[in-house]
Every structure is written in structure tokens, then in C-alpha cells.
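Data first, discussion second: the structure below is written as C-alpha cells.
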Amino acid sequence: MKIERAPLAGALAVALALLAGCAPSGSDTPAAPAADATPTAAQADAFVAEVNQAIRTEYPEVASAQWVSVTYINGDTQMLAAKANERSLGKLGERIEQSKRFSGVQLSPDTARGLHLLKLQAPMPAPKDPAKLSELTQIATRMEGAYGAGRHCTGEGEAKVCRELGELETVLRTSRDHDAQLDAWAGWHTISPAYRADYTRFVELVNEGSRELGFANTGELWRSGYDMSPAEFEAEADRLWDQVKPLYQDLQCYVRGKLEQTYGEKGSVDGMIPAHLTGNMWAQQWGNIWDLVEPYKGAGSLDITAGLVKQGYDAEKMVRKAEEFYTSLGMPALPASFYEKSQLVKPRDRDVVCHASAWDMNFQGDVRIKMCIQPTEDEFTTIYHELGHIYYYLAYNHLPPLFQSGAHDGFHEAIGDTIVLAMTPQYLASIGLVDEPTTSQEALINSQLRMALDKVAFLPFGKLIDQWRWAVFDGRVAPADYNKAWWELRAKYQGVAPPSPRGEEFFDAGAKYHVPGNTPYTRYFLSHILQFQFYKALCDAAGHQGPLHTCSYYGNTEAGAKFWAMLQKGQGQPWQKTMAELTGGEQMDASAILDYFAPLQTWLKEQNAGKTCGW
Ligand code: X8Z
Ligand code: ZN
């Protein structure tokens, strides 16, 4: 369970309130075992069963408090969410403390796994000190609320104009005026300095909580959820990055050249891409500047946004279209309550956190998404992404709550995106969103580049956020250097530079949702490797012949059955086993993504020949 459940992201930092655990009678304080009694394996089994039952009973209240606090941001809902979270984290702490009596006992594999996962339930581990616990949940709720309600205002009096994140993002997506983009980018980055001090204190508090659990710091706790040691995990992430780095560097060089063509000397900074010119607030996905980089004008019909607008798609129709892909694989229809209770569009009368998330409210079918859907390609694919989380929840709802999570968190993020990879031009034409695709070398390169602008451009960004946080948590980056370290990592991994020097009066890492929302981010990096492995496996299951990128398993129930079987395993076994059951191998590996983009990489190398790439 863990956080994917509530939207993991962010507030999600919610801890599951593992309830009062061990007392089946309902008492909060289980009878202490006699000091000299060595607990038995059977008692450990019973303890884990009680914790699971307690989670089932108590989690829905925390989820509801959290849900209203992000879909109706105000002081009251924040107070209620912070309090619910405080109780939940307090109980989790008690439960972890109680579980220590089983150390050294010979346990069944499931019980040992359950006890290990119990310690990892909260990405926001809280100190035991009640005052500090309360302070922590208030800071967490306040930071997420500040992000969600963030507005950039200019002008005074009658001339005052305020813009929210969505409006500022629209400028980046649609304007090609350099200064308008700079203004939107800089405007959003005025929001986060207000909670820089909160974040600094937050780090101290979660580190204290992590140490009390026996971890060196919160980064080590985050790296402990991968069925290998934290050090091995770090090395794995580095290994995967080394595999894909050459492909990213080829893409960066090509796109940088196009920006230079468009914006002249403002199109690059020392070989790096200016952070405000990629069509995305964080320069994490670059699909929105397709108009600037399209190699062969009009080859292949790829304008999904135009198709959505032309055909009058509203939010619900977009969601139903995404659901239909999943049901075409043989997965169940979503429950009616999903459509009744989800937040699909931005309410007009109140502040909400628009960042998309997927929620399991009660472990028994009350699943929802929270989005502010607009008819754009980005949002359309994000819906498919969110439904991946929802179908994972539904598939593993039969498991004990401690096993209701992704095989690891990268798996959870990869499910919906594995479906997005199968949204080939043929699929999009079959649902009437784009014209019948033509097949030509030009159309192939266009469609590969389009996909790479999202999937390959994302890779270094997916890695660097936690490079920054791990260093913040373990003290290598001091609060006085937050911004310096952030831009050093942006340069190192992405080759992205700020429009002008950014001193410590800013808090630019905090302008990205997952930092104030405290959602670990390496999961997205892993997902962008894994989703190609999963895609390849499902294409094999569907009997696909031919180049990988041409495969869609829309409507293929063999592929669907294989996927569903994997989802049903949740976190009940080491992810390596789940991986092997789906793909035949136990490792995360970038060869599938490299194989997928092989035609594009050859083409990029031709385009870049003779240029000075790198930064
Ligand atoms: O946060 C998300 C999802 C919710 S789990 C919308 N994503 C990351 C982001 O937006 O930064 C999906 C891709 C990366
Ligand atoms: Zn997600």
C-alpha cells in the first residue's frame, strides 16, 4: 500500500495509519508480552494479520481527509488532513516499534516481508516526539497547499492580474515569444521561495524520523524499497542512466540546434538548453515544441490535440476513451463510483491541487483520479497514465494491505505508460483522433522523435530530482546551497540552464510538485526504462512481428491477461520475480528502449554530424 494509494504524490505523504494494531479487541494498546517471553513465528503472523486488518479499517478516514484537503484547499481541510495524518503516522510508529520484538525470530517469508514493508510505509517518516510529529504534518500539508494554490500576480489595484500554474503552463506550451515564456517561467518560480524555510525544517524532521527507524537518513529509507541494499539500488540507477545517456545526448544536441534556429543566441547557453524554452515548466518533457523541431512537416498525422478539439472531446469522454483501451485488453470496466467521485475538471470556485493523481480510498473499489483535464495531448496521455495506477489498485485489492503496492514504485508508474506506448498512429486513427497514418521513412522519424521528446527527454530529469534530494537528506547539500546544487544537477544531467543566474533567494527545486509534495521521484526514471521492457513483453505476448515501435496490443486479450496477472501480484513478492514472470529476465534493463528508438538514434547521429554536441 504505501503511497501510491493515496495519491502518492504529495500529500500522500500521508502515512498510512496503520491502526491500532495488535489488539483484536480494538484496544489501542496491545498487551505487552512478558519481558522474557520470546515471541513465536505464529505470533508474528498474527501481528501482521492484525496490522493488515487495522489498515483496512483506519485508512479510509485518512484518505478522505487527504482527498478533501487537495480538492478543496482551505485552512479547515488542511487542519483536518494534518491531524488525520498525525494520528496515522503516530500509529504507524507504534506499530513499527511493536514489530521490533520479532527481530531474530524465524519468520515465514510473507511475514518477514510484511514487517519489512511496514517500516517503509511512510515516505515521510515522523519523529516519535508528538510535538515534532504535529509540526511535520502541518508543514507537509502547508507546503502542498501553497503549491496547489500558487499564483503569480503582477500589477496593482485594478490592473492586478494573477495567473495559476495551468495558465502559465499554457503560455509555455503555446507561445513562441521568448519574453512571454521567460515571464511565465520566472513567474511560477516566484511561488516556491515562500516555503524554502518550511522545506529545510521538513528535511530535519523526516531525517530524525528515519534515524529513529534505523535508517541513516530519509534518502536511505527511500532507497530501501527495492529488494536490494540501498547502495546496490543507487548503483543500479547509475547503470541504467549510463545505458541511455548517449541517446539523450543525441536528442539534446538536435533540439538545442532547433532552438538556436528559432531564438538565435537566446536559444542556448554554453551548449545547454534554456529552461524556459522547452514548452514545459520544468523542461522535463519537450513534446510541446513539436512545431519547432518537426523534421518532415506533415509526414504522419500526429496532432492529437487538434483531433480532441475538433471532435469536441470533454474530460469525461477522454477518460472513457482511455478506459476503453484497458477494457479492450479484457480488464474490468471502472466502477460507476469512479465517475461520480473523481475530480476530472478544475472547479471554478476554489483552490485545488491540479497535479494529476490516482487514489484508492478504501481497498475495496472506491478508486478515483484527481485532475484538471484540458483537451490536450499531454492531458490525454496523462489520463492513460493515471488509469494504470487505478487498474493496478483494482488488480491487487485482493491482497493484504501491506502487499497492496507496486512490485516497486517504478512498476506503478510504468503501467499506464506501457499502454501509452501502444497508442500508435494506427490506434489513434482507429479511434478517429488522427487521419489514417501514412508509412514512410519520414513518418517513422516524425513519430519516433515525437515520442522521444517525451520519453527520452524525461530520463535525466527523472534521475536528477532525487540526486538532489538524496544529497539534501544526507547532508551533502546544505540548506544554504539548495539552489546552487539544483542547477548544477540540471546542468550535469540534462544540459539545461536557467535563463539568468539563480541565487539562494530562489528555491527552484521547490517549484516542482513532488518536492513540496514529498513524492519520491526515482520511480519515474525507472518507469521510463521499465515501460519499454513491459511493452516489448506484451508485444511478444500479442504475437507482434516487425519493428518494436510499430506494435500496438489494443484489443489483444492475451497481452491483457499477461499484464493483469502481473498487476495482481502487487508487492507480495520481490519485484525481480514479478519482472521475470512478465519479461523472462530479472533485471531492469535499457535495451528495450534503445531497441525501440534505434531508427531515431541513427537519424539523430546523421543530423548532428559535424556539430559540436555536448555542454
Ligand atoms: O507526477 C506524475 C503523474 C502522477 S504519478 C502525473 N508524473 C511525473 C510528473 O508529472 O512530473 C508522470 C510523469 C512524471
Ligand atoms: Zn503516476
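Which lysines have a Cα less than 16 Å from the Cα of K455, not counting those fewer than 8 places away in the same chain?
Qualifying lysines at Cα under 16 Å: K245, K463, K536.
Normalise the Debye intensity by I(0) for the stretch 555-615, one equal point scatterer per Cα, no solvent, then take log10 at q = 0.13, 0.15, 0.25 Å⁻¹ and round to two decimals.
-0.58, -0.67, -1.07
Roughly how many nanometres apart are two label points built 7 Å out from the Cα toward the Cβ at Q364 and A37?
In this crude spin-label approximation the distance works out to 3.1 nm.
How far apart, in nm, are the 7 Å Cα→Cβ label points at E581 and D595?
About 2.2 nm, to one decimal.
Restricting things to alpha carbons, find the Rg to Rh ratio for the stretch 273-337 using the Kirkwood radius for Rh.
On the way: Rg = 16.5 Å, Rh = 14.9 Å.
Dividing the radius of gyration by the Kirkwood radius yields 1.11.
Multiply the residue separation of T612 and E340 by 0.36 nm, subtract the distance between their alpha-carbon atoms, and state the gained length in nm to one decimal.
Working it through step by step, the gained length comes to 92.5 nm.
Viscosity 1.567 mPa s, temperature 4 °C: what is the translational diffusion coefficient of the stretch 525-594 from Stokes-Einstein with a Kirkwood Rh over Cα pairs, rounded to a whole number of µm²/s?
104 µm²/s
Where the eigenvalues come from the Cα gyration tensor of the stretch 76-143, what are the semi-axes √(5λ) of the equivalent ellipsoid, largest first, in whole Å?
Taking √(5λ) for each eigenvalue gives 29, 11, 8 Å, largest first.
Send over a whole-number figure in Å² for the accessible area per residue of the stretch 340-385, probe 1.4 Å.
On the way: 1780 Å² over 46 residues.
Per-residue accessible area for the stretch 340-385 comes out at 39 Å².
Calculate, for the stretch 411-522, the solvent-accessible area per residue in square angstrom, rolling a 1.4 angstrom probe over the heavy atoms of the protein chains.
Values: 3010 Å² over 112 residues.
Dividing the accessible area of the stretch 411-522 by its residue count gives 27 Å².
Rounded to a whole number, what is D in µm²/s for the stretch 354-493 from Stokes-Einstein with the Kirkwood radius over alpha-carbon pairs (10 °C, 1.306 mPa s)? Before the final figure, lay out the partial values.
Values: Rh = 18.1 Å.
Answer, rounded: 88 µm²/s.
Under a Cβ-only charge scheme (Lys and Arg +1, Asp and Glu -1), can you give me the dipole magnitude of the chain about the Cα centre, in debye to the nearest 20? Show your work: numbers first, answer last.
Details: 56 positive and 75 negative charges, 52 e Å.
About 260 debye.
Enter the accessible area per residue of the stretch 145-217 (Å², integer; probe 1.4 Å; all protein chains in place). Spell out each step's value before the answer.
On the way: 3200 Å² over 73 residues.
Result: 44 Å² of accessible area for each residue.
Given N residues in the stretch 328-423, what is Rg(Cα) / (2.2 N^0.38 Å)?
Numbers: Rg = 13.6 Å, N = 96, 2.2 N^0.38 = 12.5 Å.
Ratio of Cα Rg to 2.2 N^0.38 Å: 1.09.
Can you give the Rg and Dmax of the chain based on its C-alpha atoms, in angstrom?
Spelled out, the Cα radius of gyration and Dmax of the chain are 23.8, 78 Å.
To the nearest 20 debye, what is the magnitude of the charge dipole of the stretch 111-157 about its Cα centre, counting +1 on the Cβ of each Lys and Arg and -1 on the Cβ of each Asp and Glu? Spell out each step's value before the answer.
On the way: 6 positive and 4 negative charges, 64 e Å.
So the dipole magnitude of the stretch 111-157 works out to roughly 300 debye.
Please report, largest first and rounded to whole Å, the three semi-axes of the ellipsoid equivalent to the stretch 178-307, where each semi-axis is the square root of five times an eigenvalue of the C-alpha gyration tensor. Intermediate results must be reported in sequence, preceding the final value.
On the way: eigenvalues 276, 99, 42 Å².
The three semi-axes for the stretch 178-307 are 37, 22, 14 Å.
Evaluate the distance, in nm, between pseudo-label points positioned 7 Å from the Cα of K160 and of I431 along their respective Cα→Cβ axes.
4.3 nm
Quick check on the chain: of the DSSP beta bridges with both residues there, what percent are antiparallel, nearest 5%? Write out the running numbers ahead of the final one.
Working: 9 of 12 bridges.
Expressed as a percentage, antiparallel bridges in the chain total about 75.
State the volume of the convex hull built on the alpha-carbon positions of the stretch 499-615, expressed per residue in Å³ and rounded to an integer.
Numbers: hull volume 21.7 nm³, N = 117.
Taking only Cα atoms, the stretch 499-615 has a hull volume of 185 Å³ per residue.
Please provide three numbers in whole Å: the alpha-carbon extents of the stretch 239-350 along the principal axes, with the largest listed first.
Result, largest extent first: 53, 39, 36 Å.
Among the chymotrypsin sites (Phe, Trp or Tyr not before Pro) in the stretch 469-503, which ones are in a DSSP loop with at most 16 other Cβ atoms within 10 Å of the Cβ? Mind listing them?
Numbers: sites: W470, F473, Y482, W486, W487, Y493; in loops: none.
Within the stretch 469-503, no chymotrypsin sites (Phe, Trp or Tyr not before Pro) qualify (loop, at most 16 other Cβ atoms within 10 Å).
Can you spot the lysines whose alpha carbon is less than 20 Å from K321's alpha carbon? Ignore those fewer than 8 places along the same chain.
Correct list for K321: K310, K341, K346, K370.
Got the relative contact order for the chain handy, in percent, Cα pairs under 8 Å and 6 or more residues apart? Present the calculation step by step, with values, prior to reporting the outcome.
On the way: 1025 pairs, mean separation 120.1, N = 615.
In percent, rounded to a whole number, it is 20.
With the calculation restricted to Cα positions, what are the radius of gyration and Dmax of the stretch 427-556 in angstrom?
Computed over the Cα atoms of the stretch 427-556, radius of gyration and Dmax are 19.7, 56 Å.
With equal scatterers on the alpha carbons only and no solvent term, can you work out the Debye log10 of I(q)/I(0) for the stretch 111-178 at 0.11, 0.19 1/Å?
These q points yield log10 I(q)/I(0) values of -0.57, -0.88.
Set Lys and Arg Cβ to +1 and Asp and Glu Cβ to -1, take the dipole of the chain about its Cα centre, and tell me which of A65, H385, A457 lies farthest positive.
A65
D for the stretch 122-228, whole µm²/s, Stokes-Einstein with Kirkwood Rh over alpha-carbon pairs at 20 °C and 1.002 mPa s: what number?
Details: Rh = 16.4 Å.
Translational D for this selection: 131 µm²/s.
Would you compute the Debye intensity of the stretch 53-101 from its alpha-carbon atoms alone, equal scatterers and no solvent, and pass along log10 I(q)/I(0) at q = 0.14, 0.21, 0.24, 0.29 Å⁻¹ to two decimals?
Ignoring solvent entirely, the Cα scatterers give -0.39, -0.71, -0.83, -1.01.
Can you give me the % of accessible surface on the chain that is carbon or sulfur? Probe 1.4 Å, all protein chains present, nothing else counted.
Details: 11570 of 22290 Å².
The computed percentage sits at 52.
Ordering R523, R476, R113 by accessible area with a probe of 1.4 Å, largest first, what comes out?
Most to least solvent-accessible, the answer reads R476, R113, R523.
Which peptide among 227-234, 52-59 comes first, and what is the full order, when sorted by highest mean count of other Cβ atoms within 10 Å? The partial results should precede the final answer.
Values: 227-234: 15.6, 52-59: 20.8.
Answer by packing, highest mean first, reads 52-59, 227-234.
The values are calculated or read from the model by the stated rules, or taken from the named source; none is laboratory data. Being a predicted model, the structure only gives us computed values, none of them experimental. In this analysis, Cβ positions are derived from the backbone assuming ideal geometry, glycine residues included, and neighbour counts consider all displayed protein chains. Please note that ligands, DNA and RNA were not included when accessible areas were found on the heavy atoms of the full protein model with its side chains. Shrake-Rupley method; radii C 1.70, N 1.55, O 1.52, S 1.80 Å.
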